[in-house]
1. Being farther than 19 Å from residue 54 by Cβ, of a type outside the set (Lys, Arg), touching a His at 6+ places or on another chain (Cβ under 8 Å) and modelled with pLDDT of 95 or more: is that true of residue 190 here?
2. Please go through segment 102-144 and give me each residue that is exposed (fewer than 14 other Cβ atoms within 10 Å of the Cβ) and either among the basic types (Lys, Arg) or touching a strand residue (DSSP E or B) at 6+ places or on another chain (Cβ under 6 Å) (or both), ordered by number.
3. Can you say whether residue 67 is closer than 28 Å to residue 213 by Cβ, without any contact (Cβ under 8 Å) to a residue 12 or more places away in the chain and of a type in the set (S, T, N, Q), as far as the supplied structure shows?
4. Within segment 180-199, track down each residue that is assigned to a helix (DSSP H, G or I) and more than 17 Å from the chain's Cα centre (by Cα).
5. From the set of residues in segment 200-244 that are aliphatic (A, V, I, L, M) and outside any helix (DSSP H, G or I), which is farthest from residue 142 (Cα to Cα)?
6. Would you check if residue 205 is farther than 18 Å from residue 163 by Cα, of a type outside the set (Asp, Glu) and free of Cβ contacts under 8 Å to residues at least 40 places away in the same chain?
7. Taking into account only those residues within segment 145-160 that are touching a helix residue (DSSP H, G or I) at 6+ places or on another chain (Cβ under 9 Å) and outside any strand (DSSP E or B), which is surrounded by the most Cβ atoms within 10 Å (Cβ to Cβ)?
8. Just checking, how many residues over segment 80-101 are in contact (Cβ under 8 Å) with a residue 24 or more places away in the chain and exposed (fewer than 13 other Cβ atoms within 10 Å of the Cβ)?
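The values are calculated or read from the model by the stated rules, or taken from the named source; none is laboratory data. Note that the coordinates shown come from a computational prediction; the quantities given were computed from them, not determined experimentally. Positions of Cβ are backbone-derived with ideal geometry, glycine not excepted, and every protein chain shown enters the neighbour counts.
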Amino acid sequence: MIQKKAILQTLPKPFKQSAKKILKFPLMLKTRAELLMSGVEPLANTWNQRGESIHRTYLEQFLQEFSKDIKGHCLEFQEDSYTSRFGRTQVTKLDILHKETDNPKATIVADLTQPNDVPSNTFDCIICTYTLHVIPDLDYMVGELHRILKPSGVLLVAVPDITRNYPQYNELWRFTAKGLHLLLAKSFGDENVTVKTYGNSMTAAGELRGMTVEDFTTAQLNYHDPRYALVVCARCVKKSENLS
């Protein structure tokens with residue numbers, strides 16, 4: 001059987017978008033038939049098992065929207081998943097933080113949930129995605145993120161709301177938009193925190209049932225209803241130092 005990607009590559013550019021929609025429709029019907037037959041079990045139990053995960057697409061929407069903030073000296077956790085991709089030439093230096101010494105990608109080994117040697121006022125931007133939901137002492141962690149940002153620096157955060165629980169990752173929390181704002185405002189101040197939600201009742205249900213991006217239309221994916229958020233994101237700005 002000819003693969004969808006191979007078909008699209010043979011088409012002129014003006015026809016590709018229409019062809020994508022036509023080719024996607026049978027796949028969507030197939031998925032819905034599989035759901036009817038699967039009973040109470042989801043179609044998949046791990047990320048990207050069937051295709052692109054919905055929550056990752058929403059996270060990337062958020063980072064694209066605030067990509068202008070990803071500049072200067074940046075910090076990301078575990079690996080360079082997003083900084084170089086969204087910051088591109090705006091990034092002048094990138095550090096990767098990991099709390100264990102066994103990560104060859106790490107340039108800084110430190111635990112921000114404990115006293116550490118990371119200098120204060122160091123980073124122009126910190127990208128912290130899907131990390132806070134495994135942290136026991138959230139206030140301490142957010143305080144440290146605030147401390148190591150430069151004045152006027154930006155913290156970009158993403159956390160889960162409606163999604164599956166993965167016990168192997170020792171997950172502790174899920175966040176509403178109001179809850180995330182309250183947590184971050186303790187360190188950054190109400191006026192310096194902007195929270196956005198991504199997802200709707202259809203994509204939230206789909207995430208729980210093991211569906212992927214390929215199972216939805218663009219319009220379905222891009223409709224965001226804060227009552228049914230899969231992902232909650234925030235942009236936090238560290239207040240500039242008073243020079244007076």
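1. For residue 190, the condition - farther than 19 Å from residue 54 by Cβ, of a type outside the set (Lys, Arg), touching a His at 6+ places or on another chain (Cβ under 8 Å) and modelled with pLDDT of 95 or more - is met.
2. 105, 107, 121
3. no
4. Selection gives 182, 183, 185, 186, 187, 188, 190, 191, 192.
5. 211
6. Judged against the criteria, residue 205 is not a match.
7. 145
8. Total meeting the criteria: 0.
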